[in-house]
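The values are calculated or read from the model by the stated rules, or taken from the named source; none is laboratory data. Keep in mind that what you see is a predicted model, and the values were worked out from it rather than measured. Note that we place each Cβ from the backbone using ideal geometry, even for glycine, and neighbour counts take in every protein chain shown. Areas reflect the complete protein model, heavy atoms only, side chains present, ligands, DNA and RNA absent. Shrake-Rupley method; radii C 1.70, N 1.55, O 1.52, S 1.80 Å.
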Amino acid sequence: MSFERLEIAASPCPNDVFILSGLIEKKVELPFEITLKLTDIETLNTLALKREYPLIKASFAIYPLICEDYEILSCGSALGFGVGPILISREDFNPKEDEDFTGKRVALPGKYTTANFLYELFFNGKGEKVFLFYHQIIPALLEKRVDLGVLIHEGRFVYKKYGFKLISDLGELWEKKTGAPLPLGGFFIKRELPKEIKKEVLQALRKSLEYAWKHKEEIYPLLKKYSQELDREVIFRHIETYVNKFTFRLEDEALSSLQIFMHLVGLKEDIQKYLWDI
């Protein structure tokens with residue numbers, strides 16, 4: 001079977017670009033060409049639901065909706081250890097009753113995101129939800145178009161400089177509830193692809209990640225090119241928070257946490273059934 005090109009869709013956030021840097025910079029050889037689309041997480045989720053890309057980074061919250069067509073690639077996942085999306089407010093806000101959210105507009109980075117799932121889980125979706133692209137949430141708060149916001153990606157590292165107040169770290173709430181790290185998003189690969197191709201893709205992604213770890217300074221311009229925040233410290237803090245040994249391979253506590261998460265979003269079977277690894 002001839003296979004000449006692999007289309008990949010991922011986000012422009014630092015951890016995804018970091019993982020893919022060896023491929024982007026053509027430091028990893030493949031027996032086929034790749035084309036890369038970088039876009040926000042909710043657009044990625046929509047593309048995944050449409051099954052438009054053979055390899056795509058998307059939120060774990062939508063995986064039960066696409067599990068018949070995609071497997072979870074064992075490399076490339078983002079997990080939070082005591083950290084995750086954060087709920088912030090423009091002004092002091094200490095909700096104790098459901099009524100406290102009355103009249104509050106809450107910005108979220110997409111209907112299908114893990115952030116929205118967690119907001120439903122811990123705050124029962126209170127307030128008036130406003131779905132925005134993740135990079136639009138801070139401007140919406142600054143312009144007083146919303147009262148609260150759930151931030152992902154670089155947002156968690158910069159909200160203080162705008163004077164916003166932290167209400168809750170949803171990753172911390174998750175870890176208190178489950179005792180496990182928080183699965184945020186992963187790379188999903190089409191089941192229908194030949195095994196040899198999936199093997200090549202997984203090996204290439206791991207080589208790309210190894211290249212990134214060894215050449216952090218050399219790839220900084222690439223990370224900066226796509227990041228919403230240009231500050232070097234913010235970019236590398238983001239990577240250090242979400243890229244770890246379980247990004248290289250999903251195993252042990254990472255797999256256990258994914259099993260817990262999938263049970264909560266409606267997928268009850270053994271997670272190994274849905275994992276592609278070699």
Fill in the blank from the handout: Over region 189-220, the set of residues in contact with a Lys or Arg (Cβ under 8 Å, 6 or more places away or on another chain) and open to solvent by less than 10 Å² (accessible area, probe 1.4 Å) is 189, 208
Problem - Residue count, region 221-273 (criterion: part of a helix (DSSP H, G or I) and either open to solvent by 40 Å² or more (accessible area, probe 1.4 Å) or of a type outside the set (Phe, Trp, Tyr) (or both)) - result: 32
Completion exercise
In the set 168, 89, 77, the lone residue that is within 21 Å of residue 49 (Cα to Cα) and touching a residue at least 40 places away in the same chain (Cβ under 8 Å) is 77
Fill in the blank from the handout: Residue count, region 252-268, condition closer than 22 Å to residue 66 by Cα, modelled with pLDDT of 95 or more and of a type in the set (D, E, K, R), comes to 0
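With 189, 167 as the choices, which residue is within 19 Å of residue 72 (Cβ to Cβ), part of a strand (DSSP E or B) and of a type outside the set (Lys, Arg)? Lay out the reasoning, then the answer.
Details: 167 fails: within 19 Å of residue 72 (Cβ to Cβ).
It is 189.
Which count do you get for residues in region 149-164 that are more than 20 Å from the chain's Cα centre (by Cα), assigned to a helix (DSSP H, G or I) and touching a residue at least 24 places away in the same chain (Cβ under 8 Å)?
Applying the first criterion (more than 20 Å from the chain's Cα centre (by Cα)) to region 149-164 yields 160-164.
If we keep only those that are assigned to a helix (DSSP H, G or I) too, we end up with 160-162.
Checking the rest, the ones that are also touching a residue at least 24 places away in the same chain (Cβ under 8 Å) come to 162.
Here the count works out to 1.
Scan region 1-36 for residues that are of a type in the set (Phe, Trp, Tyr) and either part of a loop (DSSP other than H, G, I, E, B) or free of Cβ contacts under 8 Å to residues at least 24 places away in the same chain (or both) and jot them down.
Within region 1-36, 3, 32 meet the criteria.
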Problem - Among (1) under 24 Å from residue 50 (Cα atoms); (2) touching a helix residue (DSSP H, G or I) at 6+ places or on another chain (Cβ under 9 Å); (3) of a type in the set (Val, Ile, Thr); (4) buried (at least 18 other Cβ atoms within 10 Å of the Cβ) - the single one residue 138 does not satisfy - result: (1)
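Identify the residue in region 170-186 that is small (Gly, Ala, Ser) and part of a strand (DSSP E or B) and, among all such residues, is surrounded by the most Cβ atoms within 10 Å (Cβ to Cβ). Spell out how you get there, then give the answer.
Going through region 170-186, the residues small (Gly, Ala, Ser) turn out to be 171, 179-180, 185-186.
In the following step, the residues that additionally are part of a strand (DSSP E or B) were identified as 185-186.
Numbers: 185: 28, 186: 25.
Filtering first and then ranking leaves 185.
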Practice task
Give region 26-40 a look and list any residue that's open to solvent by 20 Å² or more (accessible area, probe 1.4 Å) and closer than 22 Å to residue 237 by Cβ, or say none.
Solution key: 38
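With the requirement that a residue be farther than 17 Å from residue 189 by Cα and among the aromatic types (Phe, Trp, Tyr), what does region 1-41 give you?
Pass one, region 1-41, residues farther than 17 Å from residue 189 by Cα: 1-2, 12-15, 17-18, 21-22, 24-29, 31, 39-40.
The one that is farther than 17 Å from residue 189 by Cα and among the aromatic types (Phe, Trp, Tyr): 18.
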